[in-house]
Amino acid sequence: MTTPSDRRTFAIISHPDAGKTTLTEKLLLFGGAIHLAGEVKARGQARRARSDWMKIEQQRGISVTSSVMTFERAGITFNLLDTPGHEDFSEDTYRTLTAVDSAVMVIDAAKGIEPQTRKLFEVCRLRSVPIITFINKVDREGRPPFELLDEVADMLALDVCPMTWPVGMGGQFEGIYDLVDNRLLLPQGDSREFLGKVEQYRGLDDPDLANTLSEEGVERLREEAELAVAGYADFDGEAYRAGDLTPVYFGSALKEFGVDSLIDAIARHAPPPRPQPAEPAPVAPGDPRVTGFIFKVQANMDPNHRDRIAFMRLCSGTFKRGMKLTPTGHGKPIAVHSPILFFAQQRELADEAFPGDIIGIPNHGTLRVGDTLSEKADVRFTGLPNFAPEILRRVQLKDPTKTKQLRKALDDMAEEGVTQVFYPEIGSNWIIGVVGQLQLEVLLSRLDAEYKVAAGLEPAPFDTARWVSADDPAELTSFMDLNRTSMARDRDGNPVFLAKSAWEVGYVAERYPKVTFAATRER
Ligand code: GDP
């Protein structure tokens, strides 16, 4: 029988070019799903479910195949959720991280921690998502392993625990030693590039190591590995699952080193579905009621259709095709007749999903990011964050008779997490906020194509935004009254302080110590 403990739902976080795509392909390959020419081909009976979603993609022009990838190995089902690889990312990326139980952080051995790695890591930290680190591209010249480990430890304030160790890098690369299982992964063939044999040893002092590695290699491995084992934290599963420690694996996604160890690590150490924060009480995966939340809504790329796919993470219960689920707080029950199930490796499972699985629900815009769906509408998941936008723009409507359409469009897109919208308390110049430039282009082209609203964007007199709150409502009211020209409401009516600079936020926060200025808001 399938239980929640058989599921590992995770995402890969990285900076562009670190090797996320390559690693994803290799995970699918090693995990038994064959990845060919950009398309995931699952084995055997999975075809039915696969063709279901392919059909939906064709009919509606929505690409969902790569949003969730599932593979199975040794009785464990792995759900890998894709986060867009583009440098400009929307809140979609962030919110996807609320739907996973753990993450793999890919780092380029030559570059170390890069800006986007760090940003995404901070999102994981908000929810204490445990991280396994994969230091990629050791087949090329990289920075010394110690330097990389120290950087992870210092920049991210995490304990690090090396689980494998590279024997040299680049031209001197001779293989990867598994410090836990005492196995040596060796390159093969004349080019000595791709993963070949795996040899078992009794330990680092095993004299047989000299039969495989060069004299220099053995010496280097012993010296470095002993220092590493002594100098860094021991592996502690509890500290890892609390998000305080990261086990580190070295490898080369391209040359297939360390991919197997990574899958094993996820199976062995990564947490199965966790209880999810909710009101009135957290929901455990073993709870028999079917519950889930929408973490992503993907709009149709074909403007003639208004269909959307809402991605729901199942949090508890056994979902069955055709089941009725009710969005909490708004709307009537909806019968989920044609869910897109990504995990179907066997035909008899194709109509069911379990906690940790993702279900794609086609709808006409009724389902919104952050919605809870459940059988009785008696629970609401919390903790899907909104992020302070980094780019603010004033929306300029070219045809003043289209105000209503514009508002609808801005609200819709805010719901999807494409952009945020702020309605100033004074004046009618609506302001939109995004975390990446690309979102501005998406916004304008969708306003035009889907909503037939011609609009322009102009610089806003503000640079950043903070959600404000206070324990004492009088404090908040007084703050808002005194700063009315800088106050706005988000689409849910929450008060937002618009600031001219990060410096101003600091300055104002100091003057109003009883008001909280939050860069993220939990929905
Ligand atoms: P993404 O942007 O993070 O998805 O990165 P990609 O997977 O597209 O990889 C970026 C580039 O790095 C591509 O040219 C890959 O072939 C290359 N690459 C990825 N992994 C490795 C590796 O382990 N070794 C080497 N030498 N190159 C790699």
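The values are calculated or read from the model by the stated rules, or taken from the named source; none is laboratory data. Just so you know, these numbers come straight off a predicted model, no measurement behind them. Neighbour counts run over all protein chains shown; Cβ positions are idealised from the backbone, glycine included.
Listed here are the residues, each with its yes/no results for (1) of a type outside the set (Ser, Thr, Tyr); (2) closer than 30 Å to THR326 by Cα; (3) in the same structural domain as ARG127 (by TED's automatic domain parsing); (4) within 16 Å of the ligand (Cβ to nearest atom).
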| residue | (1), (2), (3), (4) |
| --- | --- |
| ALA230 | yes, no, yes, no |
| ASP236 | yes, no, yes, no |
| ASP244 | yes, no, yes, no |
| GLY251 | yes, no, yes, yes |
| PHE257 | yes, no, yes, yes |
| LEU262 | yes, no, yes, yes |
| VAL283 | yes, yes, no, no |
| GLY292 | yes, yes, no, no |
Criterion: of a type in the set (Lys, Arg) and either closer than 21 Å to LEU81 by Cα or modelled with pLDDT of 90 or more (or both) - qualifying residue of LYS324, LYS332: LYS324
Unique residue being away from the ligand (no atom under 11 Å from the Cβ), assigned by TED's automatic domain parsing to the domain that holds ASP264 and either without any contact (Cβ under 8 Å) to a residue 60 or more places away in the chain or farther than 28 Å from GLU441 by Cβ (or both) when the list is ARG125, ARG140: ARG125
Options SER445, SER478; residue that is of a type in the set (Gly, Ala, Ser) and either touching a Leu at 6+ places or on another chain (Cβ under 8 Å) or over 30 Å from PHE295 (Cα atoms) (or both): SER478
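Being exposed (fewer than 14 other Cβ atoms within 10 Å of the Cβ) and charged (D, E, K, R) narrows it down to one of ARG511, ARG521, ARG489, ARG466, so name that one.
Working: ARG521 fails: exposed (fewer than 14 other Cβ atoms within 10 Å of the Cβ); ARG489 fails: exposed (fewer than 14 other Cβ atoms within 10 Å of the Cβ); ARG466 fails: exposed (fewer than 14 other Cβ atoms within 10 Å of the Cβ).
Step by step, each of ARG511, ARG521, ARG489, ARG466 is checked, and only ARG511 is exposed (fewer than 14 other Cβ atoms within 10 Å of the Cβ) and charged (D, E, K, R).
Name the helices (runs of 4 or more DSSP H) wholly inside segment 169-250 in which the number of residues that are farther than 25 Å from ASP154 by Cα is 2 or more.
Counting at least 2 such residues, we get 209-212, 215-231.
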Test: residue in segment 25-43 that is among the hydrophobic types (A, V, I, L, M, F, W, C), within 16 Å of the ligand (Cβ to nearest atom) and at pLDDT 90 or above: no
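Residue by residue through segment 107-127, note down the ones that are β-branched (Val, Ile, Thr) and more than 16 Å from the chain's Cα centre (by Cα).
Within segment 107-127, ILE113 is the sole residue that qualifies.
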Enumeration of residues in segment 426-439 that are buried (at least 17 other Cβ atoms within 10 Å of the Cβ) and either under 18 Å from ARG491 (Cβ atoms) or touching a Lys or Arg at 6+ places or on another chain (Cβ under 6 Å) (or both): TRP430, ILE431, ILE432, GLY433, VAL434, VAL435, GLN439
Filtered residues of segment 97-112 (kept if within 21 Å of ARG143 (Cα to Cα) and away from the ligand (no atom under 14 Å from the Cβ)): GLY112
Where a residue in segment 259-283 is under 30 Å from VAL198 (Cα atoms) and modelled with pLDDT of 95 or more and its partner, wherever it lies, is part of a helix (DSSP H, G or I) and among the charged types (D, E, K, R), with Cβ under 7 Å and at least six apart: PRO271/ARG241
Answer from ALA377, ALA353 - the residue that is in the same structural domain as GLY322 (by TED's automatic domain parsing), without any contact (Cβ under 8 Å) to a residue 40 or more places away in the chain and within 30 Å of ARG127 (Cβ to Cβ): ALA353
THR133 being within 16 Å of the ligand (Cβ to nearest atom) and at pLDDT 75 or above: yes
Qualifying positions in segment 143-160 - more than 16 Å from the ligand (Cβ to nearest atom) and of a type in the set (D, E, K, R): GLU147, ASP150, GLU151, ASP154, ASP159
Qualifying helices (runs of 4 or more DSSP H) (wholly inside segment 434-523; at least 1 residues being touching a helix residue (DSSP H, G or I) at 6+ places or on another chain (Cβ under 8 Å)): 437-451
Tally, over segment 103-158, of residues that are surrounded by fewer than 24 Cβ atoms within 10 Å (Cβ to Cβ) and on the phi > 0 side of the Ramachandran plot: 3
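For every residue, the table says whether it meets (1) part of a strand (DSSP E or B); (2) over 18 Å from the mean Cα position of the chain (by Cα); (3) more than 17 Å from LEU97 (Cα to Cα).
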residue	(1), (2), (3)
LYS255	no, yes, yes
PRO273	no, no, no
PRO285	no, yes, yes
GLY292	yes, no, no
ALA310	yes, no, no
CYS315	yes, no, no
GLY322	no, yes, yes
LEU325	yes, yes, yes
